[in-house]
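Okay, so here's the structure we're looking at.
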Amino acid sequence: MKVSLKWLSEYVDITAPLEKLAERLTMAGVEVNETQVIGAGWENIVVGKIVSVDAHPNADRLRLATVDLGKQQITVVCGAPNLAVGDKVVFAYVGAQLVDGHTGEIIQLKPANIRGIASEGMVCSEKELGISDRHEGIMVLSPEAPIGAPLSEYLGDAIFDLDITPNRPDCLSVIGIAREVTALTGNKLHIPEVHYGELEDAIDSFASVEIIAPDLCPRYCASLLTGVKVAPSPQWLQQRLFACGMRPINNIVDVTNYVMLEYGQPLHAFDYGGIRGKQIIVRRAGEGETITTLDGVERILNQNILVIADKERAIAIAGIMGGLDTEVTDDTTTILIESANFNQAVIHRGSISLRLSSEASLRFEKGLSRDLPLVALKRATQLMLELSGGKVARGLIDVYPGKQQREPILLSTAQVKRLLGIEVDVSEMVKVLRLLGFGCEQTESSSQVRVNVPWWRTDINCTADLVEEVARIIGYDSIPTTMLSAPLPIHKSMPMLSLRHKLRSTLVSCGFQEVLTYSLTSSEMMSKLSPEPHLMGLTPIKVANPMSREQEYLRTSLRAGLLSVLARNERYMEGGIRLFEIGKTFLLQEKDLPQEREMLCAVLSSLQPELSWQGKAGPVDFFVAKGIIETLSSRLKLVASFEASEDEGLYPGRSAHIIIDNKKIGVIGELHPKVSEAFELTESAYLIEIDLERLLPHAASPKKYQPTPRYPSMIRDIALLVDEQRIYQQIHTIIQDSPLVDQVALFDVYSGEQVPEGKKSLAFRITYQSATHTLTDEEVDEVQQQILDRLSRELGATLRA
Amino acid sequence: MVLNQIEELASRAFDELGKVTNSRELEAWRVHYLGRKSNLTQILRSLATLPLGERCGVGARANEVKEAFEASLAEKKKSLEQGLPLSLQRESLDVTLPGQQVLLGRLHPTTQILDEICDIFSGMGFQVVEGPEAEWEYYNFEALNMPVDHPARDMFATLWIDFETEAGDRPMLLRTHTSPVQIRVMEKSHPPIRVIAPGRVYRYEATDATHEWMFYQVEGLAVDKNITLADLKGTLFEFARRLFGGGRKVRFRCDYFPFVEPGVEVAIDCLVCGGAGCRLCGNSGWIEILGAGMVHPEVLRRVDIDPEVYSGFAFGMGVERIPMLRYGIDDIRLFYSNDLRFLRQF
């Protein structure tokens, strides 16, 4: 909200420098975003009066204006069409800084000779003063402007642009801000006194009000003026509205806006002549009922919208916008001013469903005080009377079905100390609260007061609210900084966090870049993950109000996000891209929140970087990817095994389940070529996917310490001939499970010359180790023979000569 | 004859010493010819068993040979040491050639900053906890003192999940902040509580250089007897200085969040202008880094914690903002578009 400091200073003396005041307001919760000074550069610019206008001897479109500046009169050449003798205008002496009306640049005014006539000075337009963009004529000041006065004194102002938090609708007003300034500076508050004369005729003879929906309209007040003359508002009023970012319309509408800015209460002026049946009815709209609003748009209403109606039809959307039929026009002579309180929810919802918000609705939906309508109505009536020349009907209408009693709140010094950690004595507490308009009464206890909340503070409901009031006025800076001294809570272990840390650090060491991709995706993206475009397996969860089709579904896997990132980066990276993400996937559960499963997904592009001077890196193949899994499981002190799998998104015959302790925890494999194609990858890629929830129970189990060997180990190499189809895992298991065998490492796989047709040779290095003694050759020979016998018996393997 | 043995030993030893090229081989030579188990040592030890006639000659010769060995050893050692720089000169490398590259990945900048934040708070006794990203409206709003139609809900443009109850309500959403974790923690545990909750949050929001619809927050909560606003200030002051550097000024001002009272906004002096005012800080000299406050009594009451006995503070901060300030990143969209040319800078 914008507040003019000139206006503000009518209600409270402003003694602090602007910057200081802005800082104090900000610290106390009323944030000053920006301070705009109007007229800061208006040096050598004064108020003048045109005393004569003469023709220019050498130009038809130029005239000579003689301006009275108090001490002297100066004649200048002027091209403006609206020069009129007697008008108060803005005069710039030579040397003034002005905005060039054509280029918009800042210029310094110099003496000029225009078509043979010397011209020292200038009569200015609003644009030239930097006030607005208006440049079609000179700016005409109001008649009371003092001749010769510096313009900065007469028109200069400072505007605070404030951020008001939603709990403080009372601060969406100049008086609200004035109250804050009073509390912060101790300077006295002056609220305008309201009194005006009334007609004999009572308002009841003109109109009545009926509230059919009292839950949605707790209070409705109205006054009535007859014989008004609708005309433009005086300049001071227009200027104030301008300064606060509003457009002046006429003396009636401007008063309603002025009082809204002044008190924070939205008001509406009806052309009484348009109200049929002399009756105002506050009711829910009928389903499909229509109204044309002030902006000329026909609106279709529903039962959740509150309207102000007459006997026949809706004449305004309550709290949001008036109707065109009862708009105040130049012909209007009788005005009904509405000042009401509406339920915040009905205004909020109505505004959303109509996609229509206004200064009024933005205030109502924050919840305004029910005491405010009457106060603001009286003020508006008085102003309108002053400005429109009408008469006020006797009395006011005040229908108030929602009257409430507010209970006082007890506040003790102990409560303040318990929340703030600082001792504030009762007198200080009371002083602060009274400055804010709270009533404080003594209680039986000397350290406690009974606090009555002022009617405009709808946000204060409990002790903590009062404590904040005390804290923000004495200043958060005066509260000390201390460290938590309470005993530490019991710390629970978080195995998932440590698992994540281990996986992340290991993958990073293996050359994987971590990425974080969006949790929302599209059905197109998900369907790219299988060779036949359709959604794989799981039913994705839909967002009811997606921002776009790209963000319509919660992801059920990390694959699509990661593959898109891979494809995008392949365009400018020369290969060797390895990516991973650890994140949540969302699985549908019946009538419950989605199951959030944490997954690890990693991709390795098989596109290799350019040659290094030290030789080309080995190809990226299945076994490179598998090595990553083995590294990860080794980091977790687990042993992974693999079993061929069928995964729709992966290359048939080149994918496997990752198995830990007989449980499938993930998959690994080459991407299905159609999937690579769908994601527009340059080369094929390998994919690793691990379900962290499944991995966790295995990773978290503690391992017992094994003593380091105290006796030397013995190493034997053997080469075995087996059938080509034999699976390594089986041979490895037989050897590994034999007594005394500590480690088994495959170091050669060979088929070809010297190996019979249909056979392959596998060479193993076996490390034998005993925990109890130094091994002898005989002992190891015997075990190795048993191994060979078992391999021969079960797998038909023979020792290669 | 023992003497012959000695002579043979000597000639073999000198032969081999000539072939020694490095200190490791020299040490092996010493062990072999002069060590405790060497032939020469054994001969010297067994002198007593020799016939008296031989004993003298063998003893003298063996000792002579031993001394010669020791002298040659010392000489060889010296020459090896002197020879060292020569070999290096012969093998001069172009040390400017690139080294063998080891592939190294990096953690996402968001992960890095989250780790940093969690470490700081862990050091102050806060435990890391997590909560669901798809949440009930109750936890995201109602339990946080924002009933339906509360004006503060407008600060949180919400993405709703397409799920309707039989009554026609739509109670499921993507959490708009990490604050619902506060409620989940307080429902399950009793004070003393001291937790932080990092995680993703979502908003229905058009993206631009400073707005993303998905981002990360870290929530904090401490509840116990006698926790005060002064403790909040101390904890967050310490945090801000550990994260942004010891010289930073930290400002606490009154602000409003429905689930705290009193409410606090924490700002640091601008990293660019140091408080003088610039474009980054909107000429205010201050940069807001987090929102905080004393847990609202209504929030405590709802989770059956008596606000007359216990008090607490809560805080929440946007995560991406921190690396943006620290590294001068001017577009938040860089974080989740995952361009490696961006990610590899951290």
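Kindly provide the set of residues from the stretch B:178-211 that are assigned to a loop (DSSP other than H, G, I, E, B) and in contact with a Ser or Thr (Cβ under 9 Å, 6 or more places away or on another chain), ordered by number.
Hits for the stretch B:178-211 are B:ARG203, B:TYR204.
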Item checked: Residue identified as in contact with a helix residue (DSSP H, G or I) (Cβ under 8 Å, 6 or more places away or on another chain), among the aliphatic types (A, V, I, L, M) and modelled with pLDDT of 90 or more among A:ALA158, A:ALA149 -> A:ALA158
Check: Say we look at the stretch B:233-260 and pick out the residues that are in contact with a Gly (Cβ under 6 Å, 6 or more places away or on another chain) and open to solvent by less than 10 Å² (accessible area, probe 1.4 Å); which of these is farthest from the other protein chains (Cβ to nearest Cβ)?
Finding: B:VAL260
Item checked: Residue in the stretch A:537-544 that is at the interface with chain B (Cβ under 7 Å from one of its Cβ atoms), surrounded by fewer than 17 Cβ atoms within 10 Å (Cβ to Cβ) and on the phi < 0 side of the Ramachandran plot present -> yes
Next item on the list: Answer yes or no: is there a residue in the stretch A:580-588 that is open to solvent by 70 Å² or more (accessible area, probe 1.4 Å) and at the interface with chain B (Cβ under 10 Å from one of its Cβ atoms).
Entry: yes
Next item on the list: Any residue in the stretch A:567-578 that's at the interface with another protein chain (Cβ under 10 Å from one of its Cβ atoms) and without any contact (Cβ under 8 Å) to a residue 40 or more places away in the chain: show its pairings with residues that are in a loop (DSSP other than H, G, I, E, B) and surrounded by fewer than 19 Cβ atoms within 10 Å (Cβ to Cβ) at Cβ separation under 8 Å, as long as the two are six or more apart or on different chains.
Entry: A:ARG568/B:ASP339; A:ASN569/B:ASP339
Item checked: Count of residues meeting criterion [modelled with pLDDT under 85 and buried (at least 19 other Cβ atoms within 10 Å of the Cβ)] in the stretch A:121-137 -> 1
Note to self: Suppose we keep only residues that are within 18 Å of B:GLY282 (Cα to Cα), among the charged types (D, E, K, R) and out of contact with any Gly (no Cβ under 6 Å at 6 or more places or on another chain) within the stretch A:1-38. Which one would you say is surrounded by the most Cβ atoms within 10 Å (Cβ to Cβ)?
What the structure shows: A:GLU31
Notebook entry, point to check: Going through the stretch B:118-143 one residue at a time, which ones are open to solvent by 20 Å² or more (accessible area, probe 1.4 Å), small (Gly, Ala, Ser) and either away from chain A (no Cβ under 11 Å) or more than 22 Å from B:PRO191 (Cβ to Cβ) (or both)?
Noted result: B:GLY123
Check: Where residues in the stretch A:67-120 are open to solvent by 70 Å² or more (accessible area, probe 1.4 Å) and among the charged types (D, E, K, R), which of them is nearest to A:ALA145 (Cα to Cα)?
Finding: A:LYS71
Note to self: Quick check on my filter: what residues within the stretch B:202-222 are more than 12 Å from chain A (Cβ to nearest Cβ) and closer than 30 Å to B:PRO192 by Cα?
What the structure shows: B:GLN217, B:VAL218, B:GLU219
Check: Among the residues of the stretch B:1-21, which ones are among the aliphatic types (A, V, I, L, M) and part of a helix (DSSP H, G or I)?
Finding: B:VAL2, B:LEU3, B:ILE6, B:LEU9, B:ALA10, B:ALA13, B:LEU17
Next item on the list: Inspect all residues belonging to the stretch A:259-268 and state whether any of them is outside any loop (DSSP other than H, G, I, E, B), over 34 Å from the mean Cα position of the chain (by Cα) and either more than 24 Å from A:GLU210 (Cβ to Cβ) or of a type in the set (A, V, I, L, M) (or both).
Entry: no
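So that you can scan it fast, the table gives a plain yes or no per residue for (1) free of Cβ contacts under 8 Å to residues at least 60 places away in the same chain; (2) outside the structural domain of B:PHE156 (by TED's automatic domain parsing); (3) open to solvent by less than 10 Å² (accessible area, probe 1.4 Å):
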site	(1), (2), (3)
B:ARG184	yes, no, no
B:HIS190	no, no, no
B:VAL195	no, no, no
B:LEU221	no, no, yes
B:LEU229	no, no, yes
B:PRO262	yes, no, yes
Checklist line | Selected residue (criterion: least open to solvent (accessible area, probe 1.4 Å)) from residues of the stretch B:146-166 that are within 37 Å of the chain's Cα centre (by Cα), at pLDDT 90 or above and not β-branched (Val, Ile, Thr) | finding: B:LEU159
Next item on the list: With the checklist (1) more than 33 Å from the chain's Cα centre (by Cα); (2) surrounded by 16 or more Cβ atoms within 10 Å (Cβ to Cβ); (3) within 11 Å of another protein chain (Cβ to nearest Cβ); (4) among the charged types (D, E, K, R) in hand, flag the one item B:ARG302 doesn't pass.
Entry: (3)
Check: So which of A:ARG549, A:ARG450 is open to solvent by 60 Å² or more (accessible area, probe 1.4 Å), farther than 30 Å from A:GLU590 by Cβ and more than 10 Å from every other protein chain (Cβ to nearest Cβ)?
Finding: A:ARG450
Check: Restricting attention to the stretch B:53-71, does a residue exist that is within 14 Å of chain A (Cβ to nearest Cβ) and over 26 Å from the mean Cα position of the chain (by Cα)?
Finding: no
Next item on the list: Give just the number: which of (1) more than 7 Å from chain B (Cβ to nearest Cβ); (2) out of contact with any Leu (no Cβ under 8 Å at 6 or more places or on another chain); (3) open to solvent by 30 Å² or more (accessible area, probe 1.4 Å) does A:LEU488 not satisfy?
Entry: (1)
Checklist line | Odd one out for B:LEU114 among (1) assigned to a loop (DSSP other than H, G, I, E, B); (2) out of contact with any helix residue (DSSP H, G or I) (no Cβ under 9 Å at 6 or more places or on another chain) | finding: (1)
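Among B:ARG36, B:ARG24, which is part of a helix (DSSP H, G or I) and either more than 14 Å from every other protein chain (Cβ to nearest Cβ) or more than 30 Å from A:VAL515 (Cβ to Cβ) (or both)?
Of B:ARG36, B:ARG24, the one residue that is part of a helix (DSSP H, G or I) and either more than 14 Å from every other protein chain (Cβ to nearest Cβ) or more than 30 Å from A:VAL515 (Cβ to Cβ) (or both) is B:ARG24.
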Next item on the list: Collect the residues in the stretch B:268-287 that are at the interface with chain A (Cβ under 10 Å from one of its Cβ atoms) and assigned to a strand (DSSP E or B), keeping them in residue-number order.
Entry: B:TRP286
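The values are calculated or read from the model by the stated rules, or taken from the named source; none is laboratory data. Keep in mind that this is a model prediction, so the values were computed, not measured. Backbone-built Cβ (ideal geometry, glycine too); neighbour counts: all protein chains shown. Only protein heavy atoms, including side chains, enter the accessible area calculation; ligands, DNA and RNA are left aside. Shrake-Rupley method; radii C 1.70, N 1.55, O 1.52, S 1.80 Å.
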